[in-house]
1. Within segment 70-83, is there a residue that is in the same structural domain as LEU22 (by TED's automatic domain parsing), in a helix (DSSP H, G or I) and within 16 Å of PRO24 (Cβ to Cβ)?
2. Inspect segment 35-58 for any residue being assigned by TED's automatic domain parsing to the domain that holds GLY10, assigned to a helix (DSSP H, G or I), over 18 Å from GLY10 (Cβ atoms) and without any contact (Cβ under 8 Å) to a residue 24 or more places away in the chain and give the result as yes or no.
3. So, ALA26, is that one among the small types (Gly, Ala, Ser), surrounded by 13 or more Cβ atoms within 10 Å (Cβ to Cβ), under 21 Å from THR78 (Cβ atoms) and out of contact with any Leu (no Cβ under 8 Å at 6 or more places or on another chain) or not?
4. Mind checking whether some residue in segment 77-92 is on the phi > 0 side of the Ramachandran plot and not aliphatic (A, V, I, L, M)?
5. Mind listing just one residue for me: the one in segment 53-108 that is closer than 25 Å to SER17 by Cβ and of a type in the set (Val, Ile, Thr) and, of those, farthest from the chain's Cα centre (by Cα)?
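The values are calculated or read from the model by the stated rules, or taken from the named source; none is laboratory data. Every value quoted in this text rests on a predicted model; they were computed, and no experiment measured them. In this analysis, Cβ positions are derived from the backbone assuming ideal geometry, glycine residues included, and neighbour counts consider all displayed protein chains.
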Amino acid sequence: MQSRRLADRGVPIGYISERTGLAPSAIRYYEDEGLVRPDRNAAGHRRFARSDIRRLSFIMIAQGLGFSIAEIRAALSTLPENRTPTKADWARISRSFGQVLDTRIARMQALRDRLDGCIGCGCLSLRTCALYNPRDTARRHGAGPRYVLGDRAETT
C-alpha cells in the first residue's frame, strides 16, 4: 500500500509478533482478511508500519469482546490510510464499539437477572409459567426467549 509513508514501513513480522504476542501465522491470517496491509521489500518479505502494532492489538481486544472479523474490518476501514491513526481516530471507533458493548452488557445483565426464572417461553418452571407467560402470550412477539430479549409481559 503505497499511500502510507514508506518511512513508517520496514518492521518485520517477527518484531510485530514479539510486540503483540500474536503468532506470525495469526498476523498473516489478519493480512489475508484485509485487516493489516504490509508492504513487501525487494526480497518479498512483509514490512509493517509500526502503527500496525496498535491495529493488531485492537483486533485482539475486539475479538475478545465478541466482535466478528467483518465488524472489525468495517471499523478499521474508517481509519485513514495515508497517515498513522490519531487518538481521535481511535476514539471514534471506540464510541461506535462502545454503543454495541452497552447493548450487549444490558442484555447480559437482563439475562443474569432473569436466568433463574425466565428463559424460552418465559420461565424454567411450569408452576410459574402461568404467571410469566400465560397461554404462551410471549409467542406473539416472535420466536426465542422474548422476555430476555427485552420484550415486556402484557399486564392486564
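1. Looking through segment 70-83, none of the residues is in the same structural domain as LEU22 (by TED's automatic domain parsing), in a helix (DSSP H, G or I) and within 16 Å of PRO24 (Cβ to Cβ).
2. No, every residue in segment 35-58 fails to be assigned by TED's automatic domain parsing to the domain that holds GLY10, assigned to a helix (DSSP H, G or I), over 18 Å from GLY10 (Cβ atoms) and without any contact (Cβ under 8 Å) to a residue 24 or more places away in the chain.
3. For ALA26, the condition - among the small types (Gly, Ala, Ser), surrounded by 13 or more Cβ atoms within 10 Å (Cβ to Cβ), under 21 Å from THR78 (Cβ atoms) and out of contact with any Leu (no Cβ under 8 Å at 6 or more places or on another chain) - is not met.
4. no
5. That would be THR84.
For every residue, the table says whether it meets (1) surrounded by 11 or more Cβ atoms within 10 Å (Cβ to Cβ); (2) of a type in the set (Lys, Arg); (3) over 30 Å from ASP151 (Cβ atoms).
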site: ARG54; (1), (2), (3): yes, yes, yes
site: MET60; (1), (2), (3): yes, no, yes
site: GLY66; (1), (2), (3): no, no, no
site: ALA88; (1), (2), (3): no, no, yes
site: ARG95; (1), (2), (3): no, yes, no
site: ARG104; (1), (2), (3): yes, yes, no
site: ALA110; (1), (2), (3): yes, no, no
site: ASP113; (1), (2), (3): yes, no, no
